[in-house]
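The values are calculated or read from the model by the stated rules, or taken from the named source; none is laboratory data. These numbers were taken from a predicted model, which means no experiment stands behind them. Ideal geometry is used to build each Cβ from the backbone, glycine not excepted, and the neighbour counts take in all protein chains shown. Ligands, DNA and RNA are excluded from the accessible area calculation, which covers all protein heavy atoms including side chains. Shrake-Rupley method; radii C 1.70, N 1.55, O 1.52, S 1.80 Å.
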Protein chains: 2
Amino acid sequence: MRETFHIKSRVCGILSCSVFRFITYHSEEQTIKFTDTMTPVTHDLVHTAQHLYGANNLAAQIPFGLYVFKRLLSVGVKSIFGVPGDYNMRLLEHMYDESLVDTAGDKLEWVGCCNELNAAYAADGYSRYSNEIGCVITTYGVGELGAISGLAGAFAESVKVLHIVGIVDYEVNDLGPEMRSHNLHHLLPRLNDSNFVGPDYRVYAEMVKDKVACSVEYLDDLETACDKVDKVIEDIYKYSKPGYLFVPRSFVDELVSTKNLIEKPTITLRECIEKSPVDEAKIVTEKILRLLNQSASPAVIGDMFTDRYGLRVELNDFINKANIVGFSTVQGKSIIDESSPLYMGAYNGMTSAPTVSEKLLACDLVLHFGIEKNEVNYGNYNFPHKSDAKIVELHPQYIRFYDNTTKKEEIYKGVSFVDILDLLNQSPELSELSFQYNSKFKAYTIEELNLDERDFGNDETSDITQGTLQKSMPNYLNPGDVLISDTGTFQFAIRDFSLPSQVKYITQGFYLSIGMALPAALGVGIAMRDYPMHHVWDVEKIPFGYEPKVILFEGDGAAQMTVQELSTMIRHQVPIEIFLWNNNGYTIERVIEGPTRPYNDIQPWKWTKLLEAFGDFDGKHSRATVLETRSQLENKLSELKYKDHRRGIDFMEVKLATMDVPSQLQKMIDAIVKN
Amino acid sequence: MRETFHIKSRVCGILSCSVFRFITYHSEEQTIKFTDTMTPVTHDLVHTAQHLYGANNLAAQIPFGLYVFKRLLSVGVKSIFGVPGDYNMRLLEHMYDESLVDTAGDKLEWVGCCNELNAAYAADGYSRYSNEIGCVITTYGVGELGAISGLAGAFAESVKVLHIVGIVDYEVNDLGPEMRSHNLHHLLPRLNDSNFVGPDYRVYAEMVKDKVACSVEYLDDLETACDKVDKVIEDIYKYSKPGYLFVPRSFVDELVSTKNLIEKPTITLRECIEKSPVDEAKIVTEKILRLLNQSASPAVIGDMFTDRYGLRVELNDFINKANIVGFSTVQGKSIIDESSPLYMGAYNGMTSAPTVSEKLLACDLVLHFGIEKNEVNYGNYNFPHKSDAKIVELHPQYIRFYDNTTKKEEIYKGVSFVDILDLLNQSPELSELSFQYNSKFKAYTIEELNLDERDFGNDETSDITQGTLQKSMPNYLNPGDVLISDTGTFQFAIRDFSLPSQVKYITQGFYLSIGMALPAALGVGIAMRDYPMHHVWDVEKIPFGYEPKVILFEGDGAAQMTVQELSTMIRHQVPIEIFLWNNNGYTIERVIEGPTRPYNDIQPWKWTKLLEAFGDFDGKHSRATVLETRSQLENKLSELKYKDHRRGIDFMEVKLATMDVPSQLQKMIDAIVKN
């Protein structure tokens, strides 16, 4: 039996690869066929496996728990976040099976978090960095409900998180009316007659189904259990939204066939995305090329779904080939390489930097890739274009053409921007385009913001202001760094950073749950260890030998929500540089309501003592500093920028004035209040 | 206008009283009428108010937000837990209205918590201590979902928590299709077509309705808004379960009538409990009295609902008047005064201490008051009685007679144990009963457990074991203390403590969500400040001038979940003694599965540094110690026991062996595994 396991796991292991690597392999083989239901790469591996080991040897039986983890490893999940509980520990035991190893020798790693909400945020961060699935495992009721807001955030921002909930087996084992009337711990008794009628075992699944998940499977039949695991993973890729698996404790030791693992050695994002009808995709592509040919000053906007569907590289390719200018949105920030001379800034309607607005409003054609419309990302629904512009919205589920002159629209539902971008990039016309951008179209720099010099203070001993930070922090970033920001005042300034090449910026820009970023940064750190340099596509732009930093910008109020996960960073030796903006409470709320109310105050903490308390007893893994003046900040930033080896945690408490906010935030609030 | 507010608030203030005080008032007036829909006490106050101020002056208009807080203050909510957010701050502003003060001069206090789950747990603790409503206020989506597991715990354990969620007003203001299609921050976009179709504003309400709440009102009509506020409060009392109010931001400044506040100056637990049909209540009471008359060795079991429906005093009265022996359950622990010679121990079926089982199994009649049947509380559904016993289950919604000899049952649905206990206590027959208990029926002492002396170590320098703790901790408690324990190994030993008079024991005994107790202890501490000595009914048994302690028993794994709320204890100067059982991880899980697995490990912390980091910078508000030997423990316990003034936080980290568990837990796990 063990022998057979090994064969299988090796087969699976071959494809435990990133989407990026998959794409490379794919294009080398030159076998793209849109009409196939089984992708060529899958077919090829099955063939290889059958050839090597013979079809009959392959249909082994393994415990279902092992199936779950082999499947996860096969789709690129190398670390799992969570908290153990009575109903999931039998499942967790299967993580330690010796056969669970991929070709690179990697095993699954368990990253135990302090609580479930933090674990969900960490899984979210893992996925946002890697574009693989982030997995969180919790226990029935007490655990899963703790995590639910993390899943809702992933749903709201289209992040690929799989939540596995270990559940009791009373119902599925059909133990008869007596046992089924038992109220079990972690479960909810009925409102009425609970001493006579048993609980609704599916109550938690019902809470999330069609609400915070694109796919929910409450496993109740071992025969179909493996298919359902695969189904949830496929749905997660298809929608780029979270999915749930409710796994009965009694299933995990039962034997199931490895058939699925052999027939589909992996499941990839690309194969799960709904294919566009070939004819329509062609029509749409030609229409766009025609519009480009007619345009004098076209623009690309790089928006959220471009990242989620793994098209970062492709979009930058398109921009470079077509020599077209690019803008980002709030949630699309950092998708377009901001070191490019073609990058024009972040556009957010009337709240944008005036120079950026001016440029976008001079574009007669706007190709908005991966468009996500919401209050924050779409300028509070005030997102104007040039009065005679033509706009193309490119989305995973539709392509919409809109003519600002005629006010006419044309929608192609079921056509995915994934295929369109592929087809555009294949078009030889692309490099023959030429546009007539006027002199306004200069590469974006933060100087365009005209930040008030008074904000920076008069000398080096001056206080640090949000103005100081807007000026200083971008310079501290190096190409390839990964920047995570929590929801808060300074988040609104980052939009207008001009980021070095291939910096990946991660933030919860729409769901805006404070406290998310700290555990998410743990997830990002783990993902960067599992997938080193995964976000870098042009290594030549990264300084030779440079190890990209993980940087967290965190507010004090936000940090108090989820602070204990610092200890998990210490435990897993995640190298990170943390800037704690200490502005004495919920400043982002103060500017909306109750500036001096106690409800916006928080308890002052001695932040620099936390790392010692949380496990770095001898200070070997961390360094904590308080920064109060401009010169202290500048010195620390210089020291960190040029440090060549990342190790442990650098924690900087940065003192800010209570009511100091970046002007971008003030503008946005004014716009919301006005509406 | 201001004048009228004052009149009203004074009227409301009169009844911002505890249920206990209400009952006293009630019986003095001798005006009990079961058929009245308006209770006599309410009627009386309206009359007084009208007489004093004239009916016409009373129908003032106040902002709806103020109505909400006046209503809360009128039902005894003096402190509110929560976290501010964009959608609830306009509501919170009304907390600071000058007219919001009760007759004692008390205003509402906002207790800002570090995160929403902790706030929900704190509100739960507030209610468990005071038996008033615990109130938590959060914001749409990001806040409320964070809190949801706390609400589920309150639902599972029948705790009166009101969750107010501040929501957006787009839907209720009917802003037209364009605005309603906007995706707002904190909300969930649709799975499909989210760029065209707006969010489902009620998605979060749907998640909790009929699941974790007995009553959910999503306010969408200002006309009925006040009625619905009252309705949710009434339902919370009726079911002793949580309720939800979704309050649109745009409602809170709109004017509403104070009519409800005048007609019902308060809403009390008693008036909301469903009344039993008078005839059936009489039949049931007579039947019980007949059974008592026929019994030689009857027993009372004091169970959970007895506490939740405010019948602690009444049940002890009954026991004392009838001179009948009493047992507790796991969730009913401390309802029966354990200093009474009539207290026989905690019964939990076959996992009980053998001497306790022996006594219960010798009882020919068992009156089980406030019965709650679940896996934990009902001996894993193995809860035997004497083979020829008669059993009476007394519940808020039914009374059930069961004859163990004939196996026949008789159920009176809709008859409440509240009325039955009242009627029994009014019966003159009670004091004429006489029983023939044999010599076994001795008052319970912990010696009956026959704790293994070897567990205690050989000398004072020995390690502290769970055996040591079982022997030492009960002695450290004083009459009237309030003990809170988190879910964990030592929780299972507390069942068998013999508690001093009127100690109130609070734990989440069934939902068992680790981390709950630490924030709950904050809630208890605040409630004890709002309601000093509320749990004490016989002050003569409390040492003269003694200020009861709040004590928290907390596991290390549990503490890591919610630890930041220590800072809120510092902020609000909650006096508390905290014992942190440091056994290096999730010991309660290790004994079930994976004793040495990494998933059961946690990051070691320097626990004694936390209070400094969390705000007690100069150590003025707290003292932290590590206890490793028996003598260190004993010395600390003596020091704390006789300290006469409670001030600040005493934090004791108690080192325990990783796999040391109390024998009660081992028994229970064995029973569950067997079943």
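Miscellaneous remarks
- All conditions but one from (1) modelled with pLDDT under 95; (2) under 30 Å from A:Asn600 (Cβ atoms) apply to B:Ser181; the one that does not is (2).
- Pick from segment B:250-261, criterion over 29 Å from the mean Cα position of the chain (by Cα) and either more than 14 Å from chain A (Cβ to nearest Cβ) or free of Cβ contacts under 8 Å to residues at least 40 places away in the same chain (or both), ranking: most open to solvent (accessible area, probe 1.4 Å): B:Lys259
- Exactly one residue among A:Ser622, A:Ser631 is within 14 Å of another protein chain (Cβ to nearest Cβ) and either open to solvent by less than 50 Å² (accessible area, probe 1.4 Å) or touching a strand residue (DSSP E or B) at 6+ places or on another chain (Cβ under 7 Å) (or both), and that residue is A:Ser622.
- Residue check for B:Thr351: in contact with a helix residue (DSSP H, G or I) (Cβ under 9 Å, 6 or more places away or on another chain), surrounded by fewer than 21 Cβ atoms within 10 Å (Cβ to Cβ), in contact (Cβ under 8 Å) with a residue 12 or more places away in the chain and among the polar types (S, T, N, Q): no
Here's the yes/no breakdown for (1) under 19 Å from A:Ser130 (Cβ atoms); (2) part of a loop (DSSP other than H, G, I, E, B):
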residue: A:Ala299; (1), (2): no, no
residue: A:Val313; (1), (2): yes, no
residue: A:Asn320; (1), (2): no, no
residue: A:Gly326; (1), (2): no, no
residue: A:Pro341; (1), (2): no, yes
residue: A:Ser352; (1), (2): no, yes
residue: A:Asn377; (1), (2): no, yes
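- Odd one out for B:Gly648, checked against (1) out of contact with any Leu (no Cβ under 7 Å at 6 or more places or on another chain); (2) without any contact (Cβ under 8 Å) to a residue 40 or more places away in the chain: (2)
- In segment B:571-593, the residues that are within 11 Å of another protein chain (Cβ to nearest Cβ) and acidic (Asp, Glu): B:Glu589, B:Glu593
- Qualifying residue in segment A:505-515 (condition: away from every other protein chain (no Cβ under 14 Å) and touching a residue at least 12 places away in the same chain (Cβ under 8 Å)): yes
- So A:Ser513, is it of a type in the set (S, T, N, Q), within 27 Å of A:Trp110 (Cβ to Cβ) and not in a helix (DSSP H, G or I): yes
- Scan segment B:537-558 for residues that are assigned to a loop (DSSP other than H, G, I, E, B), in contact with a Ser or Thr (Cβ under 9 Å, 6 or more places away or on another chain) and open to solvent by 20 Å² or more (accessible area, probe 1.4 Å) and the total you get is 1.
- The criterion of being open to solvent by 40 Å² or more (accessible area, probe 1.4 Å) and in contact with a strand residue (DSSP E or B) (Cβ under 6 Å, 6 or more places away or on another chain) holds for A:Thr461.
- Against the conditions (1) under 30 Å from A:Glu274 (Cβ atoms); (2) free of Cβ contacts under 8 Å to residues at least 40 places away in the same chain, A:Glu432 satisfies every one except (1).
- Qualifying residues in segment A:130-168 (those that are assigned to a helix (DSSP H, G or I) and not hydrophobic (A, V, I, L, M, F, W, C)) - the one farthest from the other protein chains (Cβ to nearest Cβ): A:Ser130
- Within segment A:369-395, residues that are within 7 Å of chain B (Cβ to nearest Cβ) sit with their Cβ atoms under 9 Å from residues that are aliphatic (A, V, I, L, M) and open to solvent by 10 Å² or more (accessible area, probe 1.4 Å), at 6+ positions apart or across chains, in these pairs: A:Glu375/A:Ile672; A:Val376/A:Val330; A:Val376/A:Leu512; A:Val376/A:Met668; A:Tyr381/B:Met179.
- Some residue of segment A:444-460 being in contact with a helix residue (DSSP H, G or I) (Cβ under 8 Å, 6 or more places away or on another chain) and under 19 Å from A:Ile324 (Cβ atoms): yes
- B:Leu451 under 26 Å from A:Asn195 (Cα atoms) and more than 25 Å from the chain's Cα centre (by Cα): no
- Every residue from segment B:199-208 that is more than 10 Å from chain A (Cβ to nearest Cβ) and either crowded, with 16+ Cβ neighbours inside 10 Å or assigned to a strand (DSSP E or B) (or both): B:Tyr201, B:Ala205
- Candidates B:Glu93, B:Glu109, B:Glu98, B:Glu171, filtered to the one that is of a type outside the set (S, T, N, Q), facing chain A (nearest Cβ under 8 Å) and open to solvent by 10 Å² or more (accessible area, probe 1.4 Å): B:Glu93
- For segment B:603-612, filtered to residues that are more than 7 Å from chain A (Cβ to nearest Cβ) and crowded, with 19+ Cβ neighbours inside 10 Å, the residue that is farthest from A:Glu612 (Cα to Cα) is B:Leu611.
- Residue in segment B:231-249 that is over 30 Å from A:Phe369 (Cβ atoms), within 14 Å of chain A (Cβ to nearest Cβ) and assigned to a strand (DSSP E or B) present: yes
- Residues that are touching an Asp or Glu at 6+ places or on another chain (Cβ under 7 Å) and either under 21 Å from A:Lys606 (Cα atoms) or at the interface with another protein chain (Cβ under 10 Å from one of its Cβ atoms) (or both) are absent from segment B:540-556.
- Residue list for segment A:200-242, restricted to those being β-branched (Val, Ile, Thr) and under 24 Å from the mean Cα position of the chain (by Cα): A:Val208, A:Val212, A:Val216, A:Val229, A:Val232, A:Ile233, A:Ile236
- None of B:Thr596, B:Thr568, B:Thr562 is farther than 25 Å from B:Tyr476 by Cβ, within 11 Å of another protein chain (Cβ to nearest Cβ) and under 24 Å from the mean Cα position of the chain (by Cα) except B:Thr568.
- Members of segment A:403-444 found to be more than 32 Å from the chain's Cα centre (by Cα) and open to solvent by less than 40 Å² (accessible area, probe 1.4 Å), listed by number: A:Asp403, A:Asn404, A:Leu433, A:Phe435
- Close pairs (6 angstrom Cβ cut-off, 6 or more residues apart or separate chains): more than 7 Å from every other protein chain (Cβ to nearest Cβ) and assigned to a loop (DSSP other than H, G, I, E, B) in segment A:180-193, open to solvent by 10 Å² or more (accessible area, probe 1.4 Å) and among the β-branched types (Val, Ile, Thr) anywhere: A:Arg190/A:Val197
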